[in-house]
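> If you scroll down you'll find the structure; I have some questions about it.
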Amino acid sequence: MHDVFHRFVEQLTDSPDTVDLRNVLAETASSLDLPYFAYLFPSPTVGRATDLTSTYPHPWTSHYLRSGYEKIDPVIHRARSRRETFSWNAGTGELGLSKVQQEFMDEAMQFGIRRGFTIPIHDRRGLFASLTFASDETQPLFFRVIDRYERALQLIAIFFHVHARRKLVAGQIVADVALSRREIECLQWASRGKSAWDIGHILGISQRTAQFHLDNAKKKLGVRTITQAAVRLATSKNSDHT
C-alpha cells in the first residue's frame, strides 16, 4: 500500500488537467480492487454546475447530473452533516431513506452501485466535497478491502480534493483568451479523441451542449477546428510550466 500511495501522489502532482486526475485515481482504485469511485463537489456558487469526476457508468452519471440528484442523494446528505467516514448498502435501508431517496437508490443499484464507502471532505475554506468508492461485489469482499485500506483511502481523498480544486477552477487564460471551465473540460476530452457525444456522456451534459462549448472555444481562440483549439490549450499549459 505504501508504494501504491506514493505512486498516486507522484502521478497526481504531475497531472496537467482533470482528465489525468481522473485516470490517476481510477488506476489507484483499480489496484486496490475498488471498481468504482465518485468525487463530487456541489458548487457553493448558485447557478454553477456540480463537479462529478467518477468511473461510474456514463449513463448513470449523465442521468444523475441532468436530474440534479445531488439534491436528494442520501449519501451526499449524510456526508454534508458529518466528518467521519461511513459505509452504506443501498439495499438495506440503513440510511433512513425517504420514499424518493429509496427510489433513487433503487435506480443506482440498476447501474451496479449497491454498496459504498464515503469520505466526507470539509476543508479549511469551508468547501464541501465527498469521495465515494463503490461496488456491486458481495458485501464481505468489498468491505474487507475498505477495512484494510481505510486510512490510506482517507489520505487519497484529501490529496485528490486539493489537486482537483486547483484544476477545476472557474476558467483559464489560453492564448490571451478567457475560456470557461466547461470549455476547457470539453477541449481536454476532445484532445483525447472523444466526440461531442462521448464528452456529453462523460460530463453528464447533452451532446448539443458539449458541441456548444467546443464551438465557443474555437470561436474565442480564432481557430477553425477542434484539433487546433486543443493544440492552443496544450501549448498554453506547456508555457505555464516554463
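The values are calculated or read from the model by the stated rules, or taken from the named source; none is laboratory data. What you are looking at is a predicted structure, and each value in this text was computed from that prediction instead of being measured. Glycine also receives a Cβ, built like all others from the backbone with ideal geometry; neighbour counts cover every protein chain displayed.
> Regarding Ser31, is this residue surrounded by 13 or more Cβ atoms within 10 Å (Cβ to Cβ) and under 16 Å from the mean Cα position of the chain (by Cα)?
no
> Follow-up question, since we're still on this one. Please identify the pairs in which a residue from the stretch 214-229 that is farther than 16 Å from Lys194 by Cα has its Cβ atom under 8 Å from the Cβ atom of a residue that is surrounded by fewer than 19 Cβ atoms within 10 Å (Cβ to Cβ) and of a type in the set (Gly, Ala, Ser), counting only partners at least 6 apart or on another chain.
Going by the 8 Å Cβ cut-off, the qualifying pairs are Asn216/Ser180; Lys220/Ala178; Leu221/Ala175.
> Applying the selection to the stretch 121-145, what residues are surrounded by fewer than 19 Cβ atoms within 10 Å (Cβ to Cβ) and over 17 Å from Arg82 (Cβ atoms)?
Residues satisfying the conditions are Arg124, Arg125, Asp136, Glu137, Thr138, Gln139, Pro140, Leu141, Phe143, Arg144, Val145.
> Something else about it: With the stretch 112-195 as the region, which strands (runs of 3 or more DSSP E) entirely inside it contain at least 1 residues that are modelled with pLDDT of 85 or more?
On the way: elements: 115-122, 128-135, 171-174, 177-180.
Those strands (runs of 3 or more DSSP E) span 115-122, 128-135.
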